[in-house]
Amino acid sequence: MDLPSTWQAARDGRSGVRCLDESQLDPRIPVRIAAPLAGEADPGALPAKDLRRYDRAIVLALAAAREALAEAGLGAGAQGCDPDRIGVAIGTGVGGIGTTIENHRQFMERGPRRVSPFFIPMTLANSPSGLIAIHHGLRGPNLCHVTACAAGAHAIGESLRVLQRGDADVMVAGGAEAVLLDLVMAGFSNMQALSRRNDDPERASRPFDVARDGFVLGEGAGVLVLERGEHARARGAAVHARLLGYGASADAAHLAAPDIESGGARRAMSAALADAGLAPGDVDYLNAHATSTPAGDVVEAQSIRALFGAHCQDLPVSSTKGAMGHLLGAAGAVEAALSVKALQTATLPPTCNLEHPDPECDLDHVVGSARPAEARVAMSNSFGFGGVNAALLFGRAGD
């Protein structure tokens with residue numbers, strides 16, 4: 001599924017959540033719903049033997065990077081640019097966990113000699129970054145951020161810092177995750193983190209709704225090409241948006257639960273504004289992290305109100321996780337791309353399934369259908385286990 005298709009589904013409020021059958025998920029796991037990738041990922045013309053070795057997260061990352069580089073006019077080896085000055089940063093939550101599970105199964109059933117010699121490199125969290133660089137000949141800084149559900153946003157934000165330091169001219173940045181696996185589904189299910197609306201999958205992910213009962217796991221990858229302005233202008237690149245600011249913080253309170261008292265989410269958003277030299281009233285749209293969990297959505301809403309104050313009356317907010325579920329380490333990158341599309345198209349995507357807004361999440365929610373709006377500045381939030389927070393600010397191209 002490419003970016004235009006993803007944007008179309010998010011804009012239309014069309015859910016990608018469905019039931020998994022017994023060939024996809026152990027029947028003993030009580031949660032039967034997820035948001036798998038629609039269609040096949042296209043990583044390009046790679047040898048079949050390589051694709052068999054690659055973890056699914058790697059394949060998804062390669063496909064997203066290929067699309068992003070082509071859109072940026074940097075395909076086919078990034079012609080016209082110095083490959084020593086093009087870096088890669090791909091975040092992830094759990095890395096190649098599918099490869100780990102499969103090789104553990106082989107070890108237990110058939111012995112140590114059946115463990116793949118490619119097991120270690122294919123399971124490393126930085127393999128997507130490394131293989132994107134290998135396949136496209138990109139020899140600049142090569143990074144990986146492993147910060148749970150904020151990983152994709154951190155990869156983008158820290159790539160901005162790489163460009164600002166002058167360590168690269170271009171950064172290929174984003175996140176990838178492939179976790180629709182028995183072990184992962186069982187773990188999140190036992191945490192009571194997942195929605196159990198098995199009988200109504202398309203309406204299961206419902207951020208900010210009073211009837212929300214947990215998030216829905218999804219899979220995918222999102223990659224953006226970040227480029228220094230003068231470098232982009234020199235090669236006549238099409239500019240889709242400007243990355244204005246980035247903020248990061250830690251709750252330093254709890255490994256898994258959100259914490260309103262520390263103000264971590266608010267401080268990340270405030271830091272992004274300060275980095276961009278903007279005031280709260282300058283933000284025209286906010287793509288919320290809101291995953292559809294009872295506690296997390298309330299904490300984010302309270303943090304937004306604490307920072308934006310009276311401007312909340314004029315600040316449209318939506319969570320695209322209602323349509324695509326929670327992509328963990330890829331979520332921040334995909335949502336950043338959707339925020340850019342909102343600026344480009346003057347259209348704000350709705351929060352799918354938000355039928356009865358929770359009074360504790362009192363915001364200007366975009367509900368029902370997309371809202372036309374000439375937004376100039378958009379904020380995208382990402383928060384994760386470990387108490388990590390990230391906020392990105394994008395400005396409309398040409399402003």
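The residues packed around Ala237, meaning those with a beta-carbon under 12 Å from its beta-carbon, carry a net charge of -1 if Lys and Arg are +1 and Asp and Glu are -1. What do you get for Rg/Rh over segment 245-289 if you use C-alpha atoms and the Kirkwood form of Rh? We get a ratio of 1.02 for segment 245-289. Working note: Cα gyration tensor of segment 82-179, eigenvalues times five, square-rooted, sorted largest first, giving semi-axes of 31, 15, 7 Å.
Gain on full extension, evaluated as 0.36 nm per residue between Asp12 and Val146 minus their Cα-Cα distance, stands at 45.1 nm.
Taking amide hydrogens as placed 1.01 Å from N in the peptide plane, the amide H of Thr347 sits under 5 Å from those of Ala373, each at least 5 positions away in sequence or on another chain.
Look at the alpha carbon pairs under 8 Å that are at least 6 residues apart: their mean separation over the length of the chain gives a relative contact order of 22 percent. Fully extending the segment from Asp213 to Phe118 would add 30.3 nm, taking 0.36 nm per residue of separation and subtracting the current Cα-Cα distance. Does segment 169-311 classify as rounded, prolate or oblate by the C-alpha gyration tensor (a ≥ b ≥ c root eigenvalues; a/c under 1.5 gives rounded; else a/b over b/c gives prolate, otherwise oblate)? Oblate, because a/c is 1.5 or more while a/b does not exceed b/c.
Name all residues of segment 175-218 having a backbone nitrogen under 15 Å from the label point set 7 Å from the Cα of Cys19 along its Cα→Cβ direction, giving them as ranges. Of the residues in segment 175-218, 196-204 have backbone N under 15 Å from the label point off Cys19. With distances taken between every two different alpha-carbon atoms, segment 1-56 has a Kirkwood hydrodynamic radius of 14.0 Å.
Stretching Ala279 away from Ala70 to a fully extended chain increases their span by 71.8 nm, per 0.36 nm per residue minus the current alpha-carbon distance. The coefficient of translational diffusion for segment 235-335, derived via Stokes-Einstein from the alpha carbon Kirkwood radius under 25 °C and 0.890 mPa s, stands at 165 µm²/s. When Rg is the radius of gyration of the Cα atoms in the chain and Rh is its Kirkwood radius, what does Rg/Rh come to? Reported Rg/Rh, Kirkwood definition of Rh: 0.96. Amide H to amide H, with H built 1.01 Å from N, Ala34 comes under 5 Å of Arg18, Leu20, counting only residues 5 or more places away or on other chains. In whole percents, the pair-distance distribution calculated for segment 27-70 from its alpha-carbon pairs, binned every 10 Å from zero, is 23, 42, 23, 11, 1.
Measuring between their Cα centroids, segment 258-273 and segment 74-146 lie 32 Å from each other.
Taking each DSSP H run with n ≥ 4 as -39500 (n - 2.57) and averaging over every residue of the chain yields -10500 deg cm²/dmol at 222 nm.
Along the chain, the exposed loop sites are GluC sites (Glu not before Pro) outside DSSP states H, G, I, E and B with at most 13 other Cβ atoms within 10 Å, and the longest stretch free of them is 41-260. Overall form of segment 242-399: rounded. Here a/c, set by the Cα gyration tensor axes a ≥ b ≥ c, is under 1.5. Membrane-span-like helices in the chain, defined purely by DSSP H runs whose alpha carbon atoms cover 24 Å or more axially and whose average Kyte-Doolittle hydropathy reaches 1.6, do not occur.
No lab work stands behind these numbers, since they all come straight from the coordinates. Just so it is clear, the structure is predicted and the values come from calculations on it, not from any experiment. FYI the Cβ positions are ideal-geometry reconstructions off the backbone, even for glycines, and counts take in every protein chain you see.
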